[in-house]
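Undergrad: Let me give you the structure first, and then I'll get to my questions.
The numbers here are math on the coordinates, done by the rules we state, and not lab data. What you see is a predicted model; the values in this text were computed from it and never measured. Cβ atoms come from the backbone with ideal geometry, glycine included; neighbour counts cover every protein chain shown.
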Amino acid sequence: MEANRPNQTAAGDAPGQVEEAKKATAAAQAAKHLPEVRLVVLGWRWPGKSLTANTILGREEFHLERAAEFCVKRETEVQGRQVIVVDTPGWFSTQDTPPSYKQELVRGASLTPPGPHAFLLVIPVGMFTEVDRARITEHVSLFGERVWKHTIVVFTWAEVLRTISIERYIRREGKDLQWVLEKCKRRYFVINNCIFGEHPQVGCLMERVEKMVAQEGYYNPEEVEEEKKPLDENSNPAREGRELGARPKQNSGLGLSKAMEVDTLSN
Ligand SMILES: Nc1nc2c(ncn2[C@@H]2O[C@H](COP(=O)(O)OP(=O)(O)O)[C@@H](O)[C@H]2O)c(=O)[nH]1
Ligand SMILES: [Mg+2]
């Protein structure tokens, strides 16, 4: 199985792509070996966020538990770099995420000052639906639109692909998954969570992060908060009225049926 396959999209079909490829090459050359790499792991529940975080750290630092409620930060030295990983509780695949969980998710980005170098959006290889795309958009957007510039999709459960290449899987899976990848400028990485300890895949992932940082810098949560402020202030006068208007909806049949939904695995 080819488990470790950093994004190498074919370039050269269109002038735009050539430019992109040139920029990527320049960034790769300029990419600096970061002495410290700060990562936040995102995704819905159970696709392998905690296990991926363990694979990266090369140690069993994070518990594999379905009911995680809080972000957990761990760090260790990996191949000459100090790597800090924040594991997040994740969102429910189909059920509404309670506001407290969303707050906790956002808090994850502030645990690695001055801000994460990368968000790793963990997606298990398998069926990817329109709902998955909507849930990802909803939750990733909690970090502001600019978060996409700092996000790499990390595919887990890649062993199920057997002989199918990841590129073919992405093509076959269709527009929803492709949309997510486009949002991340087609940055993706296939991790093999069956391999533990010394292995080139972690170094390759770190290089992918360094390349992205050379292109995009790191994610600064304070800047995002600043961006949000004027909106919050402007929306204050209307807030009370809107909340009142929204109240009956919370008791509607739809709200109830959603509240009764159980979290189901997406694949
Ligand atoms: N075979 C296989 N199992 C995985 C992989 N990633 C995660 N798992 C398993 O899936 C389950 C959920 O993983 P976990 O990391 O706790 O998911 P989280 O809720 O996203 O943190 C655990 O039993 C893991 O051992 C993978 O890439 N391959
Ligand atoms: Mg977990």
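Undergrad: Please tell me the relative contact order of the stretch 19-127 in percent, rounded to the nearest whole number, where contacts are Cα pairs under 8 Å and at least six residues apart.
TA: Contact order relative to length: 36 percent.
Undergrad: Taking a ≥ b ≥ c as the square roots of the eigenvalues of the Cα gyration tensor of the stretch 154-200, is the shape rounded (a/c under 1.5), prolate (a/b larger than b/c) or oblate?
TA: Oblate.
Undergrad: Cα gyration tensor of the stretch 81-164, axes a ≥ b ≥ c as square roots of the eigenvalues: rounded (a/c below 1.5), prolate (a/b > b/c) or oblate?
TA: Oblate shape, in that a/c is at least 1.5 and b/c is the bigger or equal ratio.
Undergrad: How much net charge surrounds R59 when only other residues with a Cβ under 15 Å from its Cβ are counted (Lys, Arg +1; Asp, Glu -1)?
TA: -3
Undergrad: Applying the Karplus parametrisation 6.51 cos²θ - 1.76 cosθ + 1.60 with θ = phi - 60° to the phi angles of the stretch 79-85, what ³J(HN,Hα) value in whole Hz is obtained for each residue in order, glycine and proline being reported as x?
TA: For the stretch 79-85, the Karplus-derived couplings read 6, x, 10, 7, 10, 10, 10 Hz, x marking Gly and Pro.
Undergrad: For the stretch 43-55, what does the Karplus curve 6.51 cos²θ - 1.76 cosθ + 1.60, with θ = phi - 60°, yield as ³J(HN,Hα) per residue in whole Hz, taken in order and with x for Gly and Pro?
TA: Couplings: x, 6, 7, 5, x, x, 5, 5, 5, 4, 4, 5, 4 Hz.
Undergrad: Moving on. For a quick check: with amide H placed at 1.01 Å from N, whose amide H comes under 5 Å from V83's, ignoring anything fewer than 5 positions away on the same chain?
TA: Amide H neighbours of V83: V37, T76, E77, V78.
Undergrad: Still on this structure, please answer the following. Report the Cα-based extents of the stretch 138-239 along its three principal axes, largest first, to the nearest Å.
TA: So the extents along the principal axes, rounded to whole Å, are 58, 31, 23.
Undergrad: Continuing with this model, one more query. With a sphere of radius 10 Å drawn around the Cβ of V125, what net charge do the other residues whose Cβ falls strictly inside it have (Lys, Arg +1; Asp, Glu -1)?
TA: Summing Lys and Arg as +1 and Asp and Glu as -1 gives -2.
Undergrad: Take R59, R133 and order them by how many other Cβ atoms sit within 10 Å, fewest up front.
TA: Least to most surrounded, the residues fall as R59, R133.
Undergrad: So for the stretch 15-223, considering every pair of alpha-carbon atoms, how many percent are separated by more than 29 Å?
TA: 19 percent
Undergrad: Give me the percent relative contact order of the stretch 15-223, please, defined on Cα pairs under 8 angstrom at least 6 residues apart.
TA: Worked out over the stretch 15-223, it gives 27 percent.
Undergrad: To make sure I understand, if each residue's beta carbon is the centre and we count other beta carbons within 10 Å, what order do S110, S50 fall in, fewest to most? Numbers along the way, then the final one.
TA: Values: S110 16, S50 24.
Least crowded to most crowded, the residues run S110, S50.
Undergrad: Name the shape class, rounded, prolate or oblate, that the alpha-carbon gyration tensor gives for the stretch 70-124, where a ≥ b ≥ c are the square roots of its eigenvalues, rounded holds for a/c under 1.5, and otherwise prolate holds if a/b is larger than b/c and oblate otherwise.
TA: Prolate is the answer for the stretch 70-124, as a/c is 1.5 or above and a/b outweighs b/c.
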